[in-house]
Amino acid sequence: MNSKSPSIYEQVLKITHKYLGAGADNFIDKQVENHLNKSPADLSITDLSSLIDWIKVTVSLITEDNTVIDNYTGELQKLVSHAKLRAGH
Amino acid sequence: MTASRDGTIPKRRAADQAQAEAIFTSVGDGFISTDEFGHITRINPVALKLLGYKRQELLNAWFPEKIIAVYADNMPVSLIDRPITKALLTGKPISEKTFLRRKNGEIIPVAVTASPILMNGKPIGATQIFRDITLEQEVDRMKSEFISLASHQLRTPLSAIKTYSHMLSDGLMGPLHKDQLKALETIISASNRMNELISTLLNITRIETGTIAVTFKTVNVCELVSELMPELTLMAHNKSITLKIKQPPKIERSRLRIISDSLIIKEVVTNLASNAIKYTPDNGKVEIIIRPGTKDVRVSVKDSGWGIPLHSQDQVFSKFFRAHNIVKKETTGTGLGLYLVKGLLDAVGGTIWFNSKEGKGTNFTFTLPRKPSKNLIQI
């Protein structure tokens, strides 16, 4: 029996935890609720581009390390690319 | 936009840019903008003067490194809690009072408004506008000091008035006829009201100056509210209002035991319930509902009163606020009760909110944490 694949929200949270630690849940929840006007559980792949724009500009006020910002947003961007690839198949 | 043959459009664009630059430079408040990487792109002369920097020291610098929001003790506010970060987290302008650290290490109190900059809906940076509020704070402090002093000075003559009025009414200075007794009742009732007003003013001064005494002890919210019921019932009875208290079944009441300040809780409930009674027409209903939450205890005070007009609802917790629909109906209010309630709840780590519909009634709910947070205990 296949286990249920993680939701987009869970994947975003997992990536965010790597970079922001314990504050990740609160950070992502606020971004989704405020910028996308939806509940975090309803986050979909089509929301990610807009979410990444907000994350990038917000994280730029938390760290000046561009490598961290690029890696973080890059990983999120990969979620979009993988989803597009899967949709293409 | 393409250039016209006679160069009109580029000329107009240049003129617009020069005008924008002139406005930006002339703004009376400090103004800073950043790009999407948090680097400072623009800063006006007022901001430079307030912060004590030269333009070249700030342009292209990383905003959080140079524009440091601090607490009154000069400890930096965490990056995630700074107004500019909060503006980007919420996507909305954030206005708050904070302190900024100048280049020479001094701190200045400021009122800040930070907002995201959007282009075609996409965030491309942020702005922070701020003004020095040193003078405003000094005026506030002097005002609070004056209120405190005046209140203390009023208490002494007032207690003499109350003592002698009671002695007269108890017949200790000879018998009084009916009209004299009635006049004394009015004097006693008016001096009680004045005493309450002085207590409110003193409490507000203590909150505003950070000198309110909070004593954390184990208390049962249900028991505290029950102790207030005789006085509140009497108030309600005078207006034929039905006052009810709704509490969880006995088995769950141990969950209403929390560590908090009993006097503050009583003051909050008394204020909310007496407001509910005051602003509910005769024969109405007021209900106090107490229920345990996972991390807190919640108390609601619900009435069938006149309600708060929608356009005034954002001012409810402001000092001296009185809704226009009740000013003519109730002339005795000061507009300080809810301001005090909010301040008292802040002191014990509680929160408050309300729902109200004009003509239907209002429901205020406040929470009390089961335990005070560490920073509150340190206070």
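The values are calculated or read from the model by the stated rules, or taken from the named source; none is laboratory data. Note that this is a predicted model, so its numbers are computed, not measured. Reconstructed Cβ throughout: ideal geometry from the backbone, glycine too, with neighbour counts over all protein chains shown.
From the list B:S189, B:S144, which one is under 28 Å from the mean Cα position of the chain (by Cα), at pLDDT below 85 and polar (S, T, N, Q)? Talk me through it step by step, then tell me what you get.
On the way: B:S189 fails: under 28 Å from the mean Cα position of the chain (by Cα).
Only one candidate qualifies: B:S144.
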Report whether or not B:E36 is over 33 Å from the mean Cα position of the chain (by Cα) and touching a residue at least 60 places away in the same chain (Cβ under 8 Å).
yes
Elements of type helices (runs of 4 or more DSSP H) contained in the stretch B:1-106, each with 1 or more residues being within 14 Å of chain A (Cβ to nearest Cβ):
B:63-66, B:83-90
Just the residues that are surrounded by 12 or more Cβ atoms within 10 Å (Cβ to Cβ) and at pLDDT below 90, please, taken from the stretch B:123-141.
B:E136, B:Q137, B:D140, B:R141
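Restricting to the stretch B:115-167, name every residue that is away from chain A (no Cβ under 14 Å), of a type in the set (V, I, T) and in a strand (DSSP E or B). Before you say what the answer is, go through the steps one by one.
From the stretch B:115-167, those away from chain A (no Cβ under 14 Å) are B:129-167; that's our starting set.
Next, from what is left, pick out any that are of a type in the set (V, I, T): B:129, B:133-134, B:139, B:147, B:156, B:161, B:163.
Passing the criteria: only B:I129.
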Go through (1) within 28 Å of the chain's Cα centre (by Cα); (2) in a helix (DSSP H, G or I); (3) of a type in the set (A, V, I, L, M) one by one and return the number of the condition B:L181 breaks.
(1)
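Quick grid of which residues meet (1) in contact with a Gly (Cβ under 7 Å, 6 or more places away or on another chain); (2) modelled with pLDDT of 90 or more; (3) not in a helix (DSSP H, G or I); (4) not assigned by TED's automatic domain parsing to the domain that holds B:T294:
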position: B:E231; (1), (2), (3), (4): no, no, no, no
position: B:S240; (1), (2), (3), (4): no, yes, yes, no
position: B:L243; (1), (2), (3), (4): no, yes, yes, no
position: B:I251; (1), (2), (3), (4): no, no, no, no
position: B:R255; (1), (2), (3), (4): no, no, no, no
position: B:I264; (1), (2), (3), (4): no, yes, no, no
position: B:E267; (1), (2), (3), (4): no, yes, no, no
position: B:L272; (1), (2), (3), (4): no, yes, no, no
position: B:I277; (1), (2), (3), (4): no, yes, no, no
Long-range neighbours under 7 Å by Cβ, at least six apart or interchain, first residue at the interface with chain B (Cβ under 7 Å from one of its Cβ atoms) within the stretch A:43-64, second in a helix (DSSP H, G or I) and among the hydroxyl-bearing types (S, T, Y):
A:K56/A:T73; A:T58/B:T85; A:L61/B:T85; A:I62/B:T85
Which numbered condition B:T294 misses (of (1) under 21 Å from B:G349 (Cα atoms); (2) among the hydroxyl-bearing types (S, T, Y); (3) over 26 Å from the mean Cα position of the chain (by Cα)):
(3)
Scan (1) surrounded by 17 or more Cβ atoms within 10 Å (Cβ to Cβ); (2) within 28 Å of the chain's Cα centre (by Cα) for the single condition B:R255 breaks and write down its number.
(2)
A:L79, sole failed condition from (1) assigned to a helix (DSSP H, G or I); (2) within 14 Å of chain B (Cβ to nearest Cβ); (3) over 26 Å from B:I40 (Cβ atoms)
(2)
Failed criterion for B:K162 (all others in (1) out of contact with any strand residue (DSSP E or B) (no Cβ under 8 Å at 6 or more places or on another chain); (2) under 30 Å from B:P116 (Cα atoms) hold):
(2)
